[in-house]
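Worksheet for the structure shown next.
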Amino acid sequence: MKEGELKNRRILIKNMEDDTVIVDTVILRFKSASNSVIISADSLQEKKFYNILAMIFMDKCLYEFSGTIRGAVVENEIEVFLGKSKSKESRTRTRYPISLEGSIKGVYIDAKEISLHKSIHIKTINMSASGVLLQADVGCFNIGEIFSLVLETQEGVLEMRCEVVRIQEAEASSAENQEDIMLREEYGCRIWETRFDQGKGHK
C-alpha cells in the first residue's frame, strides 16, 4: 500500500481479548514505514494497549489485519499498527457485527447481471473480509445464487457481488415477535468482489 491510499477509508477494529468492536471510524493517514494508520483519538473510548483485528474498506476489496494499538495519544491522534495481513488466509475470517440497511439490485445469470424491477430489501448482521451474513424475506435466495448487494453507510456506498453459501433460520431480537421473524431467513454469503464509493452514503 502507498502513502495516501488509505486516507479516509473506513476501518473497523475489534479487541482480540473480548471480541468487541472498539473503533468504527475513518483513517486520517497511512504510514508505510511502520505499516500503521492514524485515527482520531476521539474514536477510541479507552486509550490503552490492545491486541486487535482490523478490517479496512477499500475500493475493490476488504483487507483484514492483526496488529496492536499502544494507547499513546499525540495531538489527539492514535497510531494503529496493522501487523500482518490476513487477506490470503483460508481459515474462517473474523466476523464484525455490522448492522446496515441495503438492497439487492440485480442477480447474475450465466455471468451476466440482470437488474431487478423491484429491489429486495435486506439488513446485514455481520461481515468479514470474505463474507457477509444478511437477513431478508423467506425464499429470496437459493444456495449458489449470485447477486449484487448495495449497502449505504455514512462514509459512502458499498457494492458487492455475493454468492449464497448457506441459509438458516433468522434469530429474533428482543424487540421482535415470533411471527415477524418467521417471515425472514438469514443468508450466509461469500463476497467475490467489492467496490466502495466514498461520499455517496447517508450523512
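The values are calculated or read from the model by the stated rules, or taken from the named source; none is laboratory data. Fair warning: this is a prediction, and the values are worked out from it, not measured in the lab. Cβ atoms come from the backbone with ideal geometry, glycine included; neighbour counts cover every protein chain shown. Keep in mind that these areas ignore ligands, DNA and RNA; they rest on the heavy atoms of the full protein, side chains included. Shrake-Rupley method; radii C 1.70, N 1.55, O 1.52, S 1.80 Å.
Per residue, the accessible area of segment 41-171 comes to 54 Å² when a 1.4 Å probe rolls over the protein heavy atoms.
Using a ≥ b ≥ c from the Cα gyration tensor of segment 110-161 (square roots of the eigenvalues), is it rounded, prolate or oblate, where a/c under 1.5 gives rounded and otherwise the larger of a/b and b/c decides, a/b for prolate? The shape class here is rounded. Among the listed values (1) 10, 36, 32, 15, 6, 1, 0; (2) 8, 33, 33, 19, 6, 0; (3) 9, 35, 37, 15, 3, 0, the one computed from these coordinates for P(r) over Cα pairs in 10 Å bins from 0, in percent is (2). Model label sites at Lys2 and Glu145, defined 7 Å from Cα along the beta-carbon direction, differ in position by 4.1 nm. Once the Cβ-Cβ distance of Met16 and Asn76 is raised to the sixth power relative to R0 = 30 Å, the FRET efficiency obtained is 0.75.
Cysteines in the chain that lack a partner Cβ within the 4.7 Å cut-off: Cys61, Cys140.
Nonpolar atom fraction for the chain, defined as the carbon and sulfur part of the 1.4 Å probe accessible area, stands at 46 percent.
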